[in-house]
1. In the set A169, A189, which member is out of contact with any Ser or Thr (no Cβ under 9 Å at 6 or more places or on another chain), part of a loop (DSSP other than H, G, I, E, B) and among the aliphatic types (A, V, I, L, M)?
2. Give G134, G71 a once-over and let me know the one that is within 27 Å of I249 (Cβ to Cβ), of a type outside the set (V, I, T) and at pLDDT below 90.
3. Inside the stretch 289-324, can you point out the residues that are in contact with a helix residue (DSSP H, G or I) (Cβ under 7 Å, 6 or more places away or on another chain), of a type in the set (A, V, I, L, M) and either farther than 15 Å from F218 by Cβ or part of a loop (DSSP other than H, G, I, E, B) (or both)?
4. Just give me the residues in the stretch 74-122 being in contact (Cβ under 8 Å) with a residue 12 or more places away in the chain, over 18 Å from F53 (Cα atoms) and out of contact with any Ser or Thr (no Cβ under 9 Å at 6 or more places or on another chain), in sequence order.
5. Please enumerate the residues belonging to the stretch 43-89 that are within 33 Å of the chain's Cα centre (by Cα), surrounded by 19 or more Cβ atoms within 10 Å (Cβ to Cβ) and among the charged types (D, E, K, R).
6. Based on this model, can you work out whether Q10 counts as at pLDDT below 90 and of a type in the set (S, T, N, Q)?
7. Name every residue in the stretch 303-351 that is β-branched (V, I, T) and surrounded by 20 or more Cβ atoms within 10 Å (Cβ to Cβ), in order of residue number.
8. Do we find that D46 is farther than 30 Å from D107 by Cβ, among the acidic types (D, E) and free of Cβ contacts under 8 Å to residues at least 60 places away in the same chain in this structure?
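The values are calculated or read from the model by the stated rules, or taken from the named source; none is laboratory data. Because the structure is a prediction, the values reported are computed rather than measured. Here the Cβ positions follow ideal geometry from the backbone for every residue, glycine too, while neighbour counts run over all protein chains shown.
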Amino acid sequence: MGVIRISGSQARSIAETLLQFPRGTGWQPWQARRALLVDREGRVVDEVLATFFEKPRSYTAEDVVEVSCHGAPVVLRFAVERALEAGARLANPGEFTLRAYLNGRIDLPQAEAVRDLIEATTLYQARIAAQQAGGSVSRRVAPLKEQLVELIALLEAGIDFAEDDVSVAPASEILRRIEPVFVGVQQLAASFRYGNLVHSGLTLAIVGRPNVGKSSLFNALLERERAIVTEIPGTTRDVVSETAAIGGIPVKLYDTAGIRESTERVETLGIERSYQAMADADLTLVVVDLSQPAGVEDRALIDRAGTQGRCLVAGNKSDLPHAPDAPAAVIQVSARSGAGIPQLREAILEAVAPQGAWEQETGFITSLRHEQLLRECVQYLEKVRDAAGSGTPHEMLLLDLYAALRPMDAITGATTADDILNRIFSTFCIGK
């Protein structure tokens, strides 16, 4: 099935030029109607469903018509051409969502979430994007912005209407009001550490000596046979990559060549790429063989991975008898039987996003733009905290408060001078 969507004041009249409704039926808002898609001579091309969404409760807050056709490309192309002949034009990329934003139907974070929802590669990403498209980010920022606007109104009133016996807030009151805003914005900005993982995913390099089961573990995490597995050491000569969903987060897995001393040219190049994958990855998974004694290469590899960043050690072949001096491992797994694989998945997530850090699904941001704006806001709020404690005049404090408000406005929408004035006059009895 394919859908033709028309938005604007002439949406219904344009749709009527290419549709014929059965006698006695016609447009009814929010109801799908059976209709015929016809050519200029009135010959039927397709039987379709036409739905009319009346403004302002449509996606764009304009009149919208959606025509659901059978999915043949030639039929869809014909319907679009007929609409263009009747006065419509092709929409620019993202224009329907842009119109929704410009018409006040959604705010900017919701518009950005629509893009994230379209680009989602896991169900968890889609669920988070859907929540943000429903306004979850705005609901987190709005109370903080509200408190900041209230403080600005308080100081503005004290300056502009001092002759009307409106008391000026002491430093202790300013600090009391600014503290929850500062803490809230700082926590929300810090949540991007996890939100970025949800949005962009992470990279995991699987490294180890030859024949410890790296490729088998790669396939087990991927849940399909992607890498070639044999008992011959050195089978993997190059880096093999694939993306898996672990806990709803996209994880790009890199299966690397076995690391050992070698003089063979091709294998040496593969080992160099293994080291490069370790350096570039967000997390390194060092695989050791529990059925074999710990070797110098195992210990050197674990030390190297630890110095380069976050790493985990997985002991593979746990279903075989363990060697007396088998290498120590964070978690024991068997790529053959699947034992320990769920625990390994949990350990991977715990290594990059400790449990309990962001318990609520809506309690974090996923946009780099939002994180940068919130960091900017934190900087100005910190300046206000320091200045208020040293007796800085309120006129100077207001400069930094307005500077802190601007990044919030860039997230949720502008605060006008009327907003400040309305807050002043609703809070204080001035000109009585």
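1. Going through A169, A189 in turn, just one is out of contact with any Ser or Thr (no Cβ under 9 Å at 6 or more places or on another chain), part of a loop (DSSP other than H, G, I, E, B) and among the aliphatic types (A, V, I, L, M): A169.
2. G134
3. Hits for the stretch 289-324 are A305, V313.
4. Scanning the stretch 74-122 gives V75, L76, F78, A79, V80, G94, L117, T122.
5. Once the filter is applied, which keeps residues that are within 33 Å of the chain's Cα centre (by Cα), surrounded by 19 or more Cβ atoms within 10 Å (Cβ to Cβ) and among the charged types (D, E, K, R), the stretch 43-89 yields E62, D63, E66.
6. Here the answer is no, as Q10 does not meet what is asked.
7. V313, V333, I348 - these are the residues of the stretch 303-351 that are β-branched (V, I, T) and surrounded by 20 or more Cβ atoms within 10 Å (Cβ to Cβ).
8. Here the answer is yes, as D46 does meet what is asked.
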